[in-house]
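Okay, so here's the structure we're looking at.
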Amino acid sequence: MRLSQVCRIKFLGYGLIVLMTIGFALQILEIYFPMRSPRISPLLLGTEDPSPYYRTCQPKQHIMFLKTHKTAGSTVLNLLHRYGEHNGLFFALPYKYQFNYPISFQSHDVKGYNPSSKQHYDIMCHHMRFNYKEVRKVMPPDTFYFTIIRDPALVAESSFSYYRNFSSAFKKAPNLTAFISHPSRYYEPGDMSNNHARNLIWFDLGFDSDAPFTETYAKSGIRAVENIFNLVLLAEYFDESMILLKEELCWDLNDVVTFKLNSRETSKTLDREDIKKLREWNKLDWNLYSYFNRTFWDKVEHFGRARMDYEVKKLKEKRQELAKLCLEGSGPVVADQIKEEAIKPFQLGKEKILGWAVRKDLPREVRTRCIQMVTPELQYKDLLDAHQFPTAMDISGTDLLDGGNSSSSVLERFSFR
């Protein structure tokens with residue numbers, strides 16, 4: 001055998017060994033950096049912390065989230081936006097930013113929906129007044145339904161501040177204290193601008209917020225919610241809620257790590273008497289909240305207290321890790337301090353809505369992921385819209401992510417009727 005042939009065989013042998021070594025290394029990396037999509041950066045996400053609790057399930061990807069008002073829904077929306085984008089899922093999007101709210105949802109409110117086309121949708125999550133019959137026309141039969149609620153006294157305080165210029169009841173009241181003292185003096189039943197002023201969560205669920213409270217009516221609404229929604233989260237226990245959601249959806253911890261979005265710079269502290277009066281004024285909401293508060297903790301007990309404490313600790317550690325990696329400063333900042341329009345929160349009324357500033361000295365792929373974590377719902381909805389309908393003209397004629405995020409252009413598209 002010629003010497004050149006021997007050398008060629010040895011060279012091919014070495015090459016084969018090298019390729020096998022690379023392949024084995026890639027398999028190892030895949031174990032420690034599982035990626036659903038190349039867009040997820042292992043530099044950012046890191047490895048999933050080993051858990052002593054083993055699960056065998058498949059991630060759910062048909063999801064309907066009823067985004068209720070003033071309940072940390074914007075933060076939940078962001079994690080759904082990110083999960084859907086990273087996994088190539090198709091969103092049921094509104095033509096504007098809400099599904100014709102406060103009008104009851106209709107299937108034709110979904111952009112691109114045609115009952116004869118059998119268009120497939122994976123996630124529905126933007127503001128609507130819930131209408132289960134119509135939602136079912138759009139979403140697959142195996143859809144996972146969940147929502148989030150909050151103590152109605154806290155919802156009322158936040159709602160008064162945020163919707164002061166849109167609710168006739170709030171506008172008539174000289175201040176929150178006056179409204180709390182005599183809400184019926186300012187509130188007119190049937191006025192659609194007042195949906196934010198009484199039993200707001202009940203209204204968002206599709207029920208009559210002006211109906212007199214009776215045990216029978218309240219229980220019938222609760223039964224309806226329980227029969228439809230697989231999970232009801234509590235805003236006051238957001239981290240525990242994320243762990244329960246992760247468990248139900250069979251997602252990873254990284255999928256439910258969030259930074260708080262759409263929060264206010266200041267809020268009024270309610271005293272015990274104010275809370276009592278607001279709960280009474282929003283009695284349907286309070287009855288609903290009380291019931292699902294109990295079922296929430298039943299689920300926590302079933303999940304396991306020790307296990308919940310472990311998971312919440314890991315979630316907080318992951319959030320702190322990502323905050324240190326992604327953010328400038330240690331906390332949220334007012335919109336004026338955020339120079340990038342793509343992540344500047346929309347300002348409504350006199351209240352200052354906080355956002356996050358992202359470090360600029362990050363690798364491009366990592367910074368992209370960090371940006372996604374702090375992108376407000378309006379801008380993220382436009383990004384998804386542009387991806388799903390690349391040939392459609394923007395309704396307002398402006399690009400919100402290219403300097404067009406003005407109050408006038410957004411207000412035109414963001415319905416507060």
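The values are calculated or read from the model by the stated rules, or taken from the named source; none is laboratory data. All of these numbers come straight from a predicted model, not from anything done at the bench. Cβ coordinates were reconstructed from backbone atoms using ideal geometry, including for glycine residues, and neighbour counts include every protein chain displayed. Side chains are part of the model used for accessible areas, which takes the heavy atoms of the whole protein and leaves out ligands, DNA and RNA. Shrake-Rupley method; radii C 1.70, N 1.55, O 1.52, S 1.80 Å.
Among the candidates Tyr163, Tyr97, Tyr186, the residue that is out of contact with any strand residue (DSSP E or B) (no Cβ under 9 Å at 6 or more places or on another chain) and free of Cβ contacts under 8 Å to residues at least 40 places away in the same chain is uniquely Tyr186.
Taken together, the residues in the stretch 185-194 that are of a type outside the set (A, V, I, L, M, F, W, C), part of a helix (DSSP H, G or I) and modelled with pLDDT under 95 amount to 2.
The residue pairs whose first member lies in the stretch 330-344 and is surrounded by 13 or more Cβ atoms within 10 Å (Cβ to Cβ), whose second member is hydroxyl-bearing (Ser, Thr, Tyr) and in a loop (DSSP other than H, G, I, E, B), and whose beta carbons are closer than 6 Å, counting only pairs six or more residues apart or on different chains, are Ile343/Thr375. Is it true that some residue in the stretch 129-152 is modelled with pLDDT under 95 and either of a type in the set (D, E, K, R) or part of a helix (DSSP H, G or I) (or both)? No. If you go through the stretch 224-259 and pick out every residue that is assigned to a loop (DSSP other than H, G, I, E, B) and either open to solvent by less than 10 Å² (accessible area, probe 1.4 Å) or in contact with a Leu (Cβ under 8 Å, 6 or more places away or on another chain) (or both), you end up with 5. Here Ala211 fulfils each of the conditions (1) buried (at least 16 other Cβ atoms within 10 Å of the Cβ); (2) assigned to a loop (DSSP other than H, G, I, E, B); (3) touching a residue at least 40 places away in the same chain (Cβ under 8 Å) apart from (1).
From the list Glu273, Glu248, the lone residue that is out of contact with any helix residue (DSSP H, G or I) (no Cβ under 7 Å at 6 or more places or on another chain), modelled with pLDDT of 95 or more and within 30 Å of Glu301 (Cα to Cα) is Glu248.
Looking only at the stretch 117-140, residues that are over 18 Å from Leu77 (Cα atoms) and either of a type in the set (Phe, Trp, Tyr) or open to solvent by less than 30 Å² (accessible area, probe 1.4 Å) (or both) come to 4 in all. Evaluation of Trp286 against the conditions (1) touching a Pro at 6+ places or on another chain (Cβ under 7 Å); (2) within 24 Å of Leu77 (Cβ to Cβ) shows that the sole unmet condition is (2). There is at least one residue in the stretch 189-201 that is in contact (Cβ under 8 Å) with a residue 60 or more places away in the chain, at negative phi and polar (S, T, N, Q).
Looking at the stretch 87-116, which of the residues that are outside any loop (DSSP other than H, G, I, E, B) and of a type in the set (Ser, Thr, Tyr) is surrounded by the fewest Cβ atoms within 10 Å (Cβ to Cβ)? Looking at the filtered set, the residue picked out is Ser104.
The number of residues in the stretch 153-176 that are more than 25 Å from the chain's Cα centre (by Cα), within 20 Å of Glu265 (Cβ to Cβ) and not in a loop (DSSP other than H, G, I, E, B) comes to 2.
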